[in-house]
1. Of all residues in segment 15-62, which are over 14 Å from the mean Cα position of the chain (by Cα), modelled with pLDDT under 75 and of a type in the set (Phe, Trp, Tyr)?
2. What tally of residues in segment 1-40 results from selecting those that are without any contact (Cβ under 8 Å) to a residue 12 or more places away in the chain and either assigned to a loop (DSSP other than H, G, I, E, B) or at positive phi (or both)?
Amino acid sequence: MFTISFLSALLAVSYFYCPAHVTWIRPLCEDEHYKYLVPLLIPVTTWFAIANWVGWEYFRFA
């Protein structure tokens, strides 16, 4: 749990400060599209799972 929290904090900090002098991080710092993929994928996946479960319950008890 600590690891997930720590990585989430690093991701949040990277939106404000990204060390572009590190060569393997530079493409991630300059990217404006895919850096939002992981933070948005978690709530969208959660929403899809809940909507799928609710739909299945409606289907099962109909």
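1. Selection gives Trp24 alone.
2. Residues meeting the conditions: 14.
The values are calculated or read from the model by the stated rules, or taken from the named source; none is laboratory data. All figures in this text were calculated on a predicted structure; none of them were measured in a lab. For neighbour counting, all protein chains shown are included, and Cβ atoms are generated from backbone atoms with ideal geometry for every residue, glycine included.
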